[in-house]
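Novice: This is the structure I have questions about; it appears just below.
Just so it is clear, none of the values below were taken in a lab; they were calculated from the coordinates. Here the structure is a predicted model, which is why all the values come from computation and not from measurement. Backbone-built Cβ (ideal geometry, glycine too); neighbour counts: all protein chains shown.
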Amino acid sequence: MLGNNLKKLREKKGLSQTALSEVLHVSPQAISKWENGVSDPDIEMLPKIASFFGSTIDELFDYDKALEYERIDKAIENGYTLDNVLFESFESFLLKEIALDPNDHRPISTIADLYLFHACRLKEKAIAYAYQALNLKKDNVFDLNTLNNASNGVIEDYNISCHNKLIAKLYSLNGGPHTIRFLIRNLIADHRLDEAKALLCKCDEADREYYEVRIKEAEDGFKACIDDYKKLYESDNWLTLLNTANRFSKHHAFKEAIPYYQKAHELCPRPRYTDMLASLAYISENMGESEEAIKYFKAELKLLKDEWQITKGEQTEAIKKNIERLKK
């Protein structure tokens with residue numbers, strides 16, 4: 001880490017290794033070893049190096065941190081599949097950062113995101129190979145289980161499909177409105193409705209309006225709540241609109257979902273998420289409206305470019321493949 005920083009600082013000043021060695025009164029070979037990570041400068045040399053480059057000792061070590069975090073963030077943001085070497089490099093960097101300061105939120109949050117992202121990419125590989133295996137050996141239960149579980153399919157076993165462990169962790173956090181939101185969702189999924197109702201008083205107004213209807217749906221069924229969901233169109237909260245649109249979509253009420261996705265997209269703060277456009281594209285495709293689906297996929301690409309500065313990567317390639325598929 002120090003070696004890379006030293007090399008960049010030296011090159012930024014336009015110095016050769018020999019020129020820097022003369023300033024610091026060491027051999028050119030010593031500079032070369034420092035930059036290649038073969039050895040580190042003696043600790044008493046660090047103030048002299050920092051002074052020469054107009055930095056602090058901490059900055060000598062931190063110089064590359066921002067760039068490394070940016071590399072990791074961009075890899076995840078662009079949806080790149082990480083090979084083992086790159087993944088382990090990112091992991092090693094973050095684990096060292098955590099070891100340096102176990103109370104620093106950034107590396108801990110980033111490594112959690114990295115593990116989840118890498119797991120999702122590995123699941124995609126599992127899906128592809130499980131499907132390939134099933135084409136070679138039809139109706140194989142082992143391969144069907146792999147395909148189902150990697151694809152987040154339905155799992156009948158209560159001990160596996162329930163959210164008890166997650167709910168317990170969420171309760172233990174004693175968190176704010178975001179934590180309450182996740183708690184209520186998982187309580188509803190497990191039909192622990194009395195507990196979900198007890199948490200409504202901790203929600204903000206928009207969340208409370210939506211989750212009151214969502215709990216009612218769990219109790220009485222979707223059809224009994226359609227009019228209640230329709231009233232939520234008057235909301236100016238984009239998450240309420242998105243959540244409502246998702247409920248319509250999950251019950252194949254696609255025409256009802258469309259205006260909610262559109263309004264949620266308009267109200268979403270910039271840079272906006274692509275979820276609404278992606279949902280509108282898939283809804284249009286499900287309704288047999290390929291041209292509309294292509295329009296929304298193209299709008300998704302434009303949003304990624306204009307608001308996230310993303311023009312390449314697996315996310316954009318997947319969208320482009322959907323467009324080409326629908327053109328055929």
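Novice: If R₀ is 51 angstrom, what is the calculated FRET efficiency for the pair Lys12 and Ala318, using the beta carbon separation as r and rounding to 0.05?
Specialist: Approximately 0.85, to the nearest 0.05.
Novice: How far, in nm, would the chain grow between Asn140 and Ala128 when pulled straight, counting 0.36 nm per residue and subtracting the alpha carbon separation?
Specialist: 2.8 nm
Novice: Taking the Cβ of each residue in Val23, Val85 as the centre, tally the other Cβ atoms inside 10 Å and list the residues starting with the fewest.
Specialist: Placing the least packed residue first, the sequence is Val85, Val23.
Novice: Given contacts defined as C-alpha pairs under 8 Å and at least six residues apart, what's the relative contact order of region 65-158, whole-number percent?
Specialist: 21 percent
Novice: Sticking with this one: Given the Cα-Cα distance of Arg185 and Lys169 and 0.36 nm per residue of separation, how much length would full extension add, in nm?
Specialist: 4.4 nm
Novice: Next question, about the same structure. What FRET efficiency comes out for the pair Lys202/His105, r = Cβ-Cβ distance, R0 = 22 Å, nearest 0.05?
Specialist: E between Lys202 and His105, to the nearest 0.05, is 0.40.
Novice: List the aspartates and glutamates whose Cα sits under 18 Å from the Cα of Lys169, skipping any in the same chain fewer than 8 residues away.
Specialist: Asp113, Asp190, Glu195
Novice: Okay, moving on. Which residue, Glu22, Glu266, Glu68, tops the fluctuation ranking in a GNM of the chain built on C-alpha contacts under 10 Å?
Specialist: So, out of Glu22, Glu266, Glu68, the one fluctuating most is Glu22.
Novice: Identify which of Pro107, Pro269, Pro41 has the largest mean-square fluctuation in a Gaussian network model of the chain, with springs joining Cα atoms closer than 10 Å.
Specialist: Most flexible of the set in this elastic network: Pro41.
Novice: Another question, if that's okay. Could you pull out the trypsin sites (Lys or Arg not before Pro) across region 107-148 that fall in loop regions by DSSP (anything but H, G, I, E, B) with no more than 10 other Cβ atoms inside 10 Å?
Specialist: Passing sites in region 107-148 are Lys137, Lys138.
Novice: Here's a follow-up. Mind putting a number on the dipole of region 202-328 about its Cα centre? Charges go on the C-beta only, +1 for Lys and Arg and -1 for Asp and Glu, and I need it in Debye to the nearest 20.
Specialist: The calculation lands at about 620 debye.
Novice: Of the peptides 173-182, 152-161, 186-195, how do they stack up when ordered by the mean number of other Cβ atoms within 10 Å, highest first?
Specialist: 186-195, 173-182, 152-161
Novice: Output the relative contact order of the chain, whole-number percent, from Cα pairs under 8 angstrom with separation of 6+ residues.
Specialist: 9 percent
Novice: Note down the relative contact order for region 2-62 as a percent, whole number, built from C-alpha pairs under 8 angstrom at least six residues apart.
Specialist: Relative contact order comes out at 37 percent.
Novice: I would also like to ask the following. Each label point is 7 Å from the Cα along the Cα-to-Cβ direction; what then is the distance between the points at Asn36 and Tyr115, in nm?
Specialist: Placing both labels 7 Å beyond Cα along the Cβ direction yields 3.7 nm.
Novice: Could you calculate the contour length gain from Ser161 to Asn246, that is, 0.36 nm times the residue separation minus the distance between their Cα atoms, to one decimal place in nm?
Specialist: Gain on extension, Ser161 to Asn246, equals 28.5 nm.
Novice: Follow-up question, since we're still on this one. How big is the Rg/Rh ratio for the chain, C-alpha atoms only, Rh by Kirkwood, two decimals?
Specialist: Result for the chain is an Rg/Rh of 1.08.
Novice: Using a basic spin-label model with each label point 7 Å from the Cα along Cα→Cβ, how many nm lie between Arg270 and Val23?
Specialist: Spacing of the two 7 Å Cα→Cβ label points: 4.3 nm.
Novice: Take the alpha-carbon centre of region 86-141, take the same for region 234-300, and report the distance between them in whole Å.
Specialist: Measuring centre to centre over Cα atoms gives 29 Å.
Novice: Can you tell me the FRET efficiency between Lys216 and Leu46 if r is taken as the Cβ-Cβ distance and R0 is 51 Å, rounded to the nearest 0.05?
Specialist: 0.20
Novice: What shape does region 2-62 have by the C-alpha gyration tensor, where a ≥ b ≥ c are the square roots of the eigenvalues, rounded means a/c under 1.5, and otherwise prolate means a/b greater than b/c and oblate the rest?
Specialist: The shape class here is rounded.
Novice: Among the listed pairs Lys125/Lys320; Lys137/Lys302; Lys202/Lys230; Lys263/Lys305; Lys216/Lys255, give every one whose C-alpha distance is greater than 31 Å.
Specialist: Correct reply: Lys137/Lys302.
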